[in-house]
Amino acid sequence: MFCALCRKHNVDLGENIHNFYSGTDDFKLEFINIHQSSEAHAWATCMEAASTASPDIASAEQMLKSMNAITLGRVENIFRTCHAIAKSGRPFTDLDWMCKLDDMKGVDIGSVFRNNKSAKMFIHFIAEVERRALKEKLEKCKFFSLISDGVTDSIFKTAAVVYVRFANEGKVHCQIVGVQPVHKTDASSMKNAIEQTLQINLQLNLASQDWSRKLVGFGSDGTDVMVGEKNGVAKLLRKIQPCVQSVHCFAHRLKLAYKGALKNIQLYNILSRVLKNMYYFYHTSPLNKNNLKATYEAINLRPAIPSRIGGSQWLPRLQTALQILLKGYPAIILHLSKIERDPRASNQQKVKCLLQVLLKMKIVKFSHFLLDVINVLNILLRVTLDHSSSIADIFATVQSTLETLHMYQARAGPKERLMETIPHFHGYQLVGNGNILSVRTKVLSNLMKRLRDCFCDASQEVLRATTIGSFKQWPEKIRQEFGEKEVSVLTKHYEVMLEAASVKTGEVESEWSMLKLELYSRFQNIQSLTWDSVNSDYSVKYPNILRLVDLILTLPASSAETERGFSQMKLTMMHLHSKLVSESVTDLMIIQMNSPDIKRFDPKKAIHLWNTTWQRKRRLQEDDVKINGKSDCSSEFDLESHCGCD
């Protein structure tokens with residue numbers, strides 16, 4: 001005697017006694033009841049329910065009801081564990097010991113799906129749910145932008161990380177699509193990799209008429225492959241959609257502008273070496289560090305040890321290092337002077353060199369001047385890296401930065417003014433004349449020139465017009481003419497795309513005037529508004545102008561998201577200590593960066609997708625078996641081989 005249901009679905013979990021899959025000759029009712037309540041029979045029942053339901057109309061709730069409470073609880077526990085493994089970047093093999101730990105804690109997770117192959121499979125379905133959700137969002141929105149960057153590491157020789165940015169009813173989304181290996185580093189290969197990523201993960205054909213009409217922007221790093229005038233990815237995308245605005249990642253552009261402006265400045269190079277040497281002098285010696293702290297306390301100053309400069313956080317680190325140098329100057333000089341006078345000290349020569357540089361008037365004045373410049377640039381960098389900043393916010397902050405630097409050309413900044421007429425600093429007599437006029441003029445001129453070129457890849461007229469998309473840039477009190485020119489420029493530039501999105505372009509300017517009047521009359525603090533709240537109140541009344549605002553919010557300001565994605569990928573690979581295929585890396589990154597956190601994760605949709613996909617594959621295999629003339633019982637497909645169970 002055998003169980004027809006278990007044999008039909010090839011579910012054999014290895015019952016030691018009275019195996020009803022292979023058959024038994026014991027007909028006692030007791031053993032039949034035991035099998036009926038077994039895990040094997042529960043899985044077979046679940047699969048039978050799913051196989052008779054139509055994937056097109058069966059809801060997740062209907063599928064889950066077909067499972068008994070015990071089976072469903074076990075599956076949910078496994079899916080939650082797999083989500084946590086992916087979210088934290090842990091290896092797939094962690095599932096085994098985590099399941100053993102659950103056993104010890106009394107958590108019922110069953111005896112199946114407890115290995116790395118199952119973890120990989122479940123993680124794929126969790127990621128697939130996020131991909132489908134992203135595709136639905138993209139289909140609903142009227143415009144989107146691509147953000148991509150080429151990366152190189154030990155996993156992929158070269159790969160493209162692809163994000164999409166879009167706004168729907170005033171709410172901005174920026175989500176990862178995937179990672180795609182690139183076999184050749186040129187514009188055509190990078191563009192193909194971007195298109196393949198969209199096609200594989202979202203079934204989105206970029207060149208199709210529907211999707212090309214939605215593409216409004218492209219954000220990337222500044223390499224020639226991406227934004228080259230002759231043959232870059234941006235130019236190739238403009239062949240698909242001529243209206244695409246190409247934006248070179250502003251965070252990257254700012255770094256290039258800063259380094260280019262100070263590249264050949266001797267005072268800057270000397271100061272950088274001093275800051276590095278001071279960091280290593282105290283960082284590598286606990287004795288020097290403790291003695292410096294004691295010196296701080298002796299002169300009633302709060303201890304601050306010289307910090308490092310450089311790295312990914314180059315600008316904030318340089319700002320901190322300069323602040324510590326200038327605030328802790330008396331303690332640092334006093335401590336170094338003590339070491340210099342100590343005949344037992346082994347590093348007297350190094351200390352003597354540091355003191356000679358730190359007591360120069362030019363170095364102290366240049367440090368104050370550079371800190372003024374860094375303080376201004378750091379504000380610009382914070383706005384650039386802020387997730388909520390639009391391209392209008394960054395463009396406006398650039399203009400403020402340029403005006404401030406221009407002001408510094410005429411007169412010293414707040415820090416530098418402290419040293420204009422004083423020949424000493426914190427009581428220490430400085431040497432030299434301290435004339436840095438020519439150096440500061442050169443630095444400011446170079447920096448301003450390079451900052452003005454930061455948005456040269458996009459239309460300056462369009463970028464200025466995006467001001468209307470940021471409430472931070474709106475005047476505090478209403479001005480009748482505010483935004484009229486900007487709305488006209490944007491409507492004209494994107495006319496074809498707006499009309500394709502069912503926007504009545506002839507009504508946009510009228511709606512702008514009325515919406516502006518209503519907002520100013522209703523809200524006292526106009527700059528505290530958000531576009532998603534405005535959409536919730538006025539989307540029916542002023543749909544056309546709000547669609548134009550969505551387009552503005554969709555334009556990328558930088559490719560900082562791809563940098564975050566690449567950093568996350570490197571951290572994940574460090575934990576895994578293995579080389580994964582691009583599909584697995586994409587699954588992990590999608591879960592890490594797009595899915596809810598562990599507390600808010602609901603596995604029901606992923607379970608439903610896994611179950612229905614499983615049944616679809618089973619039907620295809622059964623059809624193949626029938627075509628090959630084999631019986632259903634001779635099929636090698638079973639639960640363990642499909643799920644990779646040991």
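Entry remark, segment 457-471: residues being touching a residue at least 12 places away in the same chain (Cβ under 8 Å) and open to solvent by 30 Å² or more (accessible area, probe 1.4 Å) number 5 in total.
Taking the condition in a helix (DSSP H, G or I), under 19 Å from V487 (Cα atoms), touching a residue at least 24 places away in the same chain (Cβ under 8 Å) and of a type in the set (V, I, T), does V534 pass?
yes
So which of L553, L588 ends up being modelled with pLDDT of 85 or more and under 30 Å from L463 (Cβ atoms)? Testing whether each residue is modelled with pLDDT of 85 or more and under 30 Å from L463 (Cβ atoms) leaves just L553. Hey, among the residues in segment 499-513 that are open to solvent by 50 Å² or more (accessible area, probe 1.4 Å) and not in a helix (DSSP H, G or I), which one's nearest to F144 (Cα to Cα)? Of everything passing the filter in segment 499-513, S502 is nearest to F144 (Cα to Cα). For V496, the test of being among the β-branched types (V, I, T), under 34 Å from the mean Cα position of the chain (by Cα) and open to solvent by less than 60 Å² (accessible area, probe 1.4 Å) is failed.
Scanning segment 100-119 for residues that are open to solvent by 60 Å² or more (accessible area, probe 1.4 Å) and not aliphatic (A, V, I, L, M), we see that the one that is farthest from T612 (Cα to Cα) is K105. Just to be sure before I move on: is S337 of a type in the set (S, T, Y), at pLDDT below 90 and over 30 Å from A465 (Cα atoms) in the structure I sent? Against the criterion (of a type in the set (S, T, Y), at pLDDT below 90 and over 30 Å from A465 (Cα atoms)), S337 does not qualify.
A residue that is at pLDDT 85 or above and open to solvent by less than 10 Å² (accessible area, probe 1.4 Å) occurs nowhere in segment 556-579. Only residues that are within 15 Å of S470 (Cα to Cα), over 34 Å from the mean Cα position of the chain (by Cα) and open to solvent by 50 Å² or more (accessible area, probe 1.4 Å) were counted in segment 514-528, giving 0. In segment 87-99, the residues that are surrounded by 15 or more Cβ atoms within 10 Å (Cβ to Cβ) form Cβ pairs under 9 Å with partners that are aromatic (F, W, Y), at six or more places apart or across chains, as follows: K87/F601; L95/F113; L95/F122; C99/F113.
Before we move on, is K191 out of contact with any Pro (no Cβ under 8 Å at 6 or more places or on another chain) and surrounded by 22 or more Cβ atoms within 10 Å (Cβ to Cβ)? So K191 fits the description; yes. Residue check: I78 meets all listed conditions (1) open to solvent by 30 Å² or more (accessible area, probe 1.4 Å); (2) among the β-branched types (V, I, T); (3) modelled with pLDDT of 80 or more but one, namely (1).
Name the residue that is modelled with the lowest pLDDT, counting only residues in segment 120-154 that are of a type in the set (G, A, S) and surrounded by fewer than 21 Cβ atoms within 10 Å (Cβ to Cβ). Residue satisfying both the conditions and the ranking: S154.
Among the residues making up segment 472-493, those that are part of a helix (DSSP H, G or I) and open to solvent by 30 Å² or more (accessible area, probe 1.4 Å) are K472, Q473, E484, K485, E486, S488, K492, H493. Taken together, R238, R213, R253 contain a single residue that is more than 25 Å from K492 (Cβ to Cβ), at pLDDT 75 or above and out of contact with any Lys or Arg (no Cβ under 8 Å at 6 or more places or on another chain), which is R253.
The values are calculated or read from the model by the stated rules, or taken from the named source; none is laboratory data. Quick caveat, the model's predicted, so the values are computed rather than measured. Positions of Cβ are generated from backbone atoms using ideal geometry, with glycine treated the same way; all protein chains shown enter the neighbour counts. Just so you know, the surface numbers come from the protein's heavy atoms only, side chains and all, with ligands and any DNA or RNA stripped out. Shrake-Rupley method; radii C 1.70, N 1.55, O 1.52, S 1.80 Å.
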